[in-house]
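Below is one structure, written out as structure tokens; the observations come after it.
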Amino acid sequence: MLEQQTFTKSAGVNSSVLAGVLSCQQSGCRSLGVEVFLSAGELFAIAPHQKGKVQEEPVLSVQNKQAQHFDWALNKLDSSVRRTGRITRTLLLRIFHDMCRTGYPSSNQALLLLRSCGSLLPEVPLCERTELAHMIWGKLQDLGAVYDASHYNALLKVYLQNEHKFSPTEFLSKMEEANVQPNRVTYQRLIAAYCNEGDIEGASKILGFMKMKELPITEAVFSSLVTGHARTGDMENAENIFSVMRDAGIEPGPDTYLALLNAYAEKGDINSVKQILEKIEKMEGYLMDRDLLQVIYSLAKAGYPQYVPDILSQMRYERGYIPDAMNLSLNLITQGLEDTAFQVFKSFPTLPSENHSETSMDYGNFFLQHCVHMDKPLSKLKQFCDELKEANMHSSPLQFTLYCALESKKAALAINLMKTMKEEGLPLRPHYSWPLLVGYQKEKNVQGTIGVLKAMHELGVEPDVETYTNYVLTNFDDIQTFRALLQVSLNEQFFIYLSSPSMPSVNLSHFKGCLIFVSVILVECFLLFFSTEAVGYFLYNLIDSMSDSEVQAKEEHLRQYFHQLKKMNVVIPTNIYRGIRNLLAAYHVPELIKVCGYINTEVSALEEELEKLKAEKQPIGNVLKQLIVALCAEENMQKALEVKAKYEPDMVVGGYAALINLCCRHDNVEDAMNLKEEVFRKDSSVALDTNKYLALVKVLGKHGRLEDAINILKEIKEKDIPIKDTTVTSFFHILNAAAMRGEVETVNRLHESILTLGLAKPSTNLCTPLITVHLEKDDVPSALEATIDCYKKYGKMPRLHDILCRLIEQGNTELLQKAMDFVSQERGEMMMLYDIFFAFLNTGKYKEAKKIIETPGLRARPGSLQWFAEKCIATNQMETLENMVEMTQKLFECDRDEMYYYLLKLCKISNDWRKAEATWTKMQEENVIPRARTLRLLADTLKNNGQEVPFDVPEVIYVNALYMPLQCNVTSQLFFFILIVEAYNILLEAQKKDIMFPASAYSTLIKALLAEGCLEEALKVKNIAETHIKGFTLNDAASSLLIITQVRRDYLKDAISTLKKVLESDMVPMSLAVIRLIQALAMKGDLESICTVEKMVENLATSIGLSRMLFVNNTVLAHIKKPATDLFLQYVDAGRVDDARFLLQVIIYQERNSSGQKIKTLLDLVPDFPDMKIVYSYLLKCHALDNDVVSAKTLFEKMKSENIHTDEIFLKRLAVLLKNAGEPVPFTEPPESFHFYVNKLTQERQEISSHAE
Amino acid sequence: MAATRGSSRRVFELFVSQIHWTLATKELRDYFAQFGTVRKCTLPFDKETGFHKGFCWIGFSSEEGLRNALQKESHILDGIKLQVQQQKRRSFRSQYTNEGETDMS
């Protein structure tokens, strides 16, 4: 065993850390410096935990989110109850589990859950509801929920609703034990419980308690007594309760009457029921539809469904009738009274379908679905479907029922439904089987899969390629099941499919592990469906789908397989055979090529052809080449050489090349070289292809003809033979083969030649054989020398890990020290420490490894750790990996989750769920916060082994899936759109499963959808987000986009309200959004709204760069649709001269051809307009535009008479107008250009400048 | 795939939604073939449930096919109406970035 001190001895000056630490550990004393260092190290050691959390999400925020989520869930429950009067078991359980996970259920929350376990669950059988209540009760109590009377009362209510039989006295004593005082409600409900059993005595006892405690006796108690007497069969006393009540000063109300109604209903006494109903009506009493539905329930339960229509006819169809009736219907189905349920359902007031012709509304989906869930027999379902169809209530009830059966994975029902559909002439399609197959696929239930396929086959629906690819083939692990499929389905299409040319698109990976069985099966199936092509394609695809190492590992299997095919006289077409041969060549399994050649024959035909041509004295070159190639393909070297000798003059280069390659494959170096010489004598410019040269190098190297091999390499260089990636790989294989033979010189010289000739660049891979050759001979010192040399020459350090391991195993401390010094010097101490750490780990020297990794100041190197972990995983070294994970626990910056992830990965591969579970426990011990992927990996491993998953598997995958499309940086718009649709659908899917996303995900998706103009979808996402996340609001950008999109769609009111919301939530809209909105409003002439918006953004306008002119402009625009004068007057009245001026200008623009008429009209309206100068200027502009010289001159005169100053622009414009008309200019024309003055004026009027255009 | 994209890159695509679960690729392909040659029909299936997601893309090899399909007022397959629209491809950004503030003309 190697001692620590051996390498501290001469650790070198640079290894101060190592030296310091090791010596400290050795001596047990610490210098002050080291101590400081260590304490820092200890500090760091705590850090990884925190870091692990930070990387994912701050813990606080996670908790927050959980709380948020919980609130949301409760809200959802609440809204479900309010909307439909029921909740689903799934939702209830989900909330319950969430509550358990958060740890501290409040008593209110507990109450809510308990309350939900009664009639709110019409889809759950009565006893299961109570079980649910008990389960929740117990679990929450364990979690520390404190129960008070309200909880006990809620539980009692649930008992009553679920008709649960229990002992009220026991219940009371339990409350007593828990030190909870029963209250009035408790007693009332206990009385009800006794009465439901017809136990008047018991009820009286409780009544006695109540009286003793001076609790008031309410109507509820009397109602219970009515029921109680009725259930003892004493209707007279039941009726008497009414007078007792009245004597006690309580007027019987609906509850009491309802109790009586139910009592008669239970007796099937419909006449009494009707009489009471009449009586109630006469008394102007009032029973609600809901009460009548109860009577129906009583009738149905007691076995008098024939009277149900009598009660149904009394319904008033109040608001809320449908959900109530629906719940009754569901409840009846649950309790096996589906016929009555159907009667109730049919009584629904159906809305007259508006566009019946196009899309007929389908009614009764809920009914059919629940019938399926409750496993109603096919005949019943069929009957309901027929009735629905006949009544035109449902367009495709059978299909919908099938959908429900498929969705709930009821295979037998689904198949029977399909039979029925077939009988009815409805089409059946292969994809109907998919939901079932998906289920079996997940369970790896091959029998189930086969059963479905068989059933489909019997239904005349042959599974298509997609069915096999996606849902069937992935299930096969072993021969028996495959054989079973074969025997069961005898499905020709399947084999055709398996062997079809389209196979490349099919993932064959599931065959990789089970070649032998494939071969046996193939033999069987080819006996059945013989097709030469099919065999070939199948083989090709099979081999193609295997990796290099797999083919090598399965070489023997493949060989057997080829032999088997040969025995069966299977022949593969030559073109396919060549493909296979090339594949095998690429996999470096020359032996297999020979065997494979047995199943390819075309030689005899070619021989005949050749003889024939020869006899006819026709050129044989081409056929000769084909024959040689065919013989090569058959690997018949002897005969090929004979043929070549026989027809030598007619040989062409192609024939030689094939022959040379064949000889190389057969290790026939002499003939190969001779043939090469021969062809070169014929034509010295001939170049073989890369592979043939490589084959020569390989065989020459193998036979020790090193110089010849190097010459071939030189020839490759000289003839500029193309070097591909595969060529470099081949170089490696050639070198490695030599290394495995231990031929140091061959390896070194070939390697050197390859590099000096520039045929390949130095790489670790290519250098590896230089070291391997020594390791193969167990010459570790030389190996070390070689790797040091390699580093000096090429900067690579191949197989260092192996060398270190060997040195440790051999206990060669001296060389180990040398190696470490070298590494330390070249790559730094840190690398050296890791290298030696891994070497110790790998050799099982855990104690030493631990000392190394605990070196203070050592940091985690994720890349190195990953390398070693992956190596352990690949070689199935569980113990080693476990040790690494354990030892790195305190390593600074070590990502603990990552470490455990590696461990779990190996657990999954080795299918070791116990180890996985233990890992999970260890993670908890270590307080590692696992990432979602780690949990999923763990969950997978457990699930695959039929183990319960002790935690909620995070569905983060959805978040990723949602983000992925959105974060994709794609340039193609179309593709982008597809991704968005994908994201949108993921979200909807997730929504169905009640999975939440972070708010940012919603915002991102909404923005993306808006950017694509998908307003409806965006709004849907927004609604989802709002219902899921409390206080969810769109951010500024998304809101602005929403406004813009709404404007584009002309939903201006919506846009305004969006803007309003944005402003209310103190967000800042993009100016573009406001501009678009204002413009659109202007086009509509909607002055009022413009005004509203203007007010809304008043305070923001400047900060987001909205000019007031935007509003002015557009107000004017809006006015153009209306009399502009209104506005003008408004402006003038308000003294808003600028605005009035601007309006004028706009009018001029808009009404150029009206000869300034409008302006004149305006002037008449407001003779004392404060700024006449400007009005006149515009008037002149109008005249100028109209070329109206006379009016212009008149205007000029008028201005002079009114003493109004004419500015330069005015004069210039007038002058131009006059000159153009050939008239004299009666004033000094301003010298500069017109634009000069415009600019001048513009500068003066800064506020208009940017908008006046 | 790459080859088809290279030779004639434009695909005339329809986005079809509200597809009833009973329909699969074959039915959609057959139906839309009446308007023109259908080059592709992508109907994504949910590998978790085995049901499709209710929408698909139909690619015609010519614009004519696309036009024909769009011209038909309503598309009813197996008695159920399909929602058919042209696959949008215009970018929002290019439409809006160049517009000024108060363009009045």
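A few notes on this one:
- Any hit, region A:274-287, residues being out of contact with any Leu (no Cβ under 8 Å at 6 or more places or on another chain), buried (at least 17 other Cβ atoms within 10 Å of the Cβ) and either under 25 Å from A:Y321 (Cβ atoms) or of a type in the set (A, V, I, L, M) (or both): no
- A:M830 out of contact with any helix residue (DSSP H, G or I) (no Cβ under 6 Å at 6 or more places or on another chain) and not β-branched (V, I, T): yes
- Test: residue in region B:84-98 that is modelled with pLDDT under 80, closer than 30 Å to A:I1078 by Cα, in contact with a Gly (Cβ under 8 Å, 6 or more places away or on another chain) and not in a loop (DSSP other than H, G, I, E, B): yes
- Taking region A:714-816 and the helices (runs of 4 or more DSSP H) fully enclosed by it, the elements with 1 or more residues that are within 21 Å of A:K698 (Cβ to Cβ) are at A:725-740, A:744-756, A:764-776.
- Among (1) part of a helix (DSSP H, G or I); (2) surrounded by fewer than 19 Cβ atoms within 10 Å (Cβ to Cβ) - the single one A:M887 does not satisfy: (2)
- Residues of region B:49-61 that turn out to be under 23 Å from A:V438 (Cβ atoms), more than 7 Å from chain A (Cβ to nearest Cβ) and not hydrophobic (A, V, I, L, M, F, W, C), as a count: 2
- Of all the criteria given as (1) farther than 26 Å from A:F366 by Cα; (2) in contact (Cβ under 8 Å) with a residue 24 or more places away in the chain, the one not satisfied by A:L114 is (1).
- Highlighted here are the helices (runs of 4 or more DSSP H) found entirely within region A:183-232 that include at least 1 residues which are free of Cβ contacts under 8 Å to residues at least 24 places away in the same chain and among the hydroxyl-bearing types (S, T, Y): A:200-212.
- Taking the conditions (1) at pLDDT 90 or above; (2) closer than 16 Å to A:S329 by Cβ; (3) away from every other protein chain (no Cβ under 12 Å) in turn, A:C404 satisfies each one other than (3).
- Any hit, region A:833-853, residues being without any contact (Cβ under 8 Å) to a residue 24 or more places away in the chain and of a type in the set (K, R): yes
- Residue match in region A:1085-1101 (condition: within 14 Å of chain B (Cβ to nearest Cβ), within 22 Å of A:K1007 (Cα to Cα) and not acidic (D, E)): no
- Residues considered: B:T4, B:T102. Of these, the only one that is at pLDDT below 80, out of contact with any Cys (no Cβ under 9 Å at 6 or more places or on another chain) and surrounded by 19 or more Cβ atoms within 10 Å (Cβ to Cβ) is B:T102.
- Qualifying residue in region A:448-455 (condition: crowded, with 23+ Cβ neighbours inside 10 Å, touching a Ser or Thr at 6+ places or on another chain (Cβ under 6 Å) and among the hydrophobic types (A, V, I, L, M, F, W, C)): yes
- Some residue of region A:380-389 being over 26 Å from the mean Cα position of the chain (by Cα), within 13 Å of chain B (Cβ to nearest Cβ) and buried (at least 17 other Cβ atoms within 10 Å of the Cβ): no
- Some residue of region A:989-998 being under 28 Å from A:D78 (Cβ atoms), modelled with pLDDT of 75 or more and within 14 Å of chain B (Cβ to nearest Cβ): no
- Restricting region B:35-48 to residues that are outside any strand (DSSP E or B) and surrounded by fewer than 18 Cβ atoms within 10 Å (Cβ to Cβ) leaves a set whose member that is farthest from the other protein chains (Cβ to nearest Cβ) is B:T37.
- Figure legend. Inter-residue proximity from region A:429-445: first residues facing another protein chain (nearest Cβ under 8 Å), second residues of a type in the set (S, T, N, Q) and outside any helix (DSSP H, G or I), beta-carbon distance below 9 Å, spacing 6+ or different chains. Indicated pairs: A:R429/B:T22; A:H431/B:T22; A:Y432/B:T22; A:W434/B:T49; A:P435/B:T49; A:V438/B:T49; A:G439/A:N445.
The values are calculated or read from the model by the stated rules, or taken from the named source; none is laboratory data. As the structure is a prediction and not an experimental result, all values here were calculated from the model. For neighbour counting, all protein chains shown are included, and Cβ atoms are generated from backbone atoms with ideal geometry for every residue, glycine included.
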